[in-house]
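Working notes for the structure below.
The values are calculated or read from the model by the stated rules, or taken from the named source; none is laboratory data. Remember, it's a predicted structure, so these values are computed and weren't measured experimentally. Cβ: placed from backbone, ideal geometry, glycine included. Neighbour counts: every protein chain shown. What goes into the accessible areas is simple: the full protein's heavy atoms, side chains included, and nothing from ligands, DNA or RNA. Shrake-Rupley method; radii C 1.70, N 1.55, O 1.52, S 1.80 Å.
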Amino acid sequence: MTWQWIGLTIFSLTLLPAGLAMAAGWTPARLSARPTPVRAYGWAILALYAAAPLNAIPRLTGASPQVSLALTAVAGVVAVAGCLSAALSSLRRGRDSTP
């Protein structure tokens, strides 16, 4: 249970601020030279972050195994949806920029 608290803390300190900033439109210095869909990447990071609490909180609160499994499945769907949206946005941006 200690590792779940540690993982949740690390994800909250790293992915949450970065995802919120990028979803709001802030562009990191490494990405500012490239025409990348920063907002889509921000939402993808937030979707990946959402997987951590959806997986850890039910286990930490002692929820039943069925609830934990259901929320872990939801976390996986949210994470995949975020990654797909970033990939599709990146493909759409690449197609729009080619002559």
Simple spin-label estimate for residue 20 and residue 92 in nanometres, 7 Å along Cα-Cβ: 2.6 nm
Angle in degrees between helix 65-97 and the longest Cα principal axis of the chain, rounded to the nearest 10: 0 degrees
Mean separation of Cα contacts under 8 Å, 6 or more apart, over the residue count of the chain: relative contact order %: 30 percent
In degrees, nearest ten, helix 38-60 long axis to first principal axis of the chain (Cα): 0 degrees
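Helix-only mean residue ellipticity at 222 nm, the chain, DSSP H runs n ≥ 4 weighted -39,500 (n - 2.57), per residue, nearest 500. What is it? Write down the numbers at each step before the final one.
On the way: 3 runs with 78 residues, N = 99.
About -28000 deg cm²/dmol.
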3J(HN,Hα) from dihedral phi, the stretch 3-17, Karplus parametrisation 6.51/-1.76/1.60, rounded to Hz, x for glycine, proline: 5, 5, 5, 5, x, 5, 5, 5, 5, 5, 7, 10, 6, 5, x
Cα gyration tensor shape of the chain, rounded if a/c is under 1.5, else prolate or oblate by comparing a/b with b/c: oblate
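Probe radius 1.4 Å, ligands and nucleic acids left out: which of 22, 1 has the largest accessible area, and how do the rest follow?
Working: 22 15, 1 140 Å².
The ordering from most to least exposed comes out as 1, 22.
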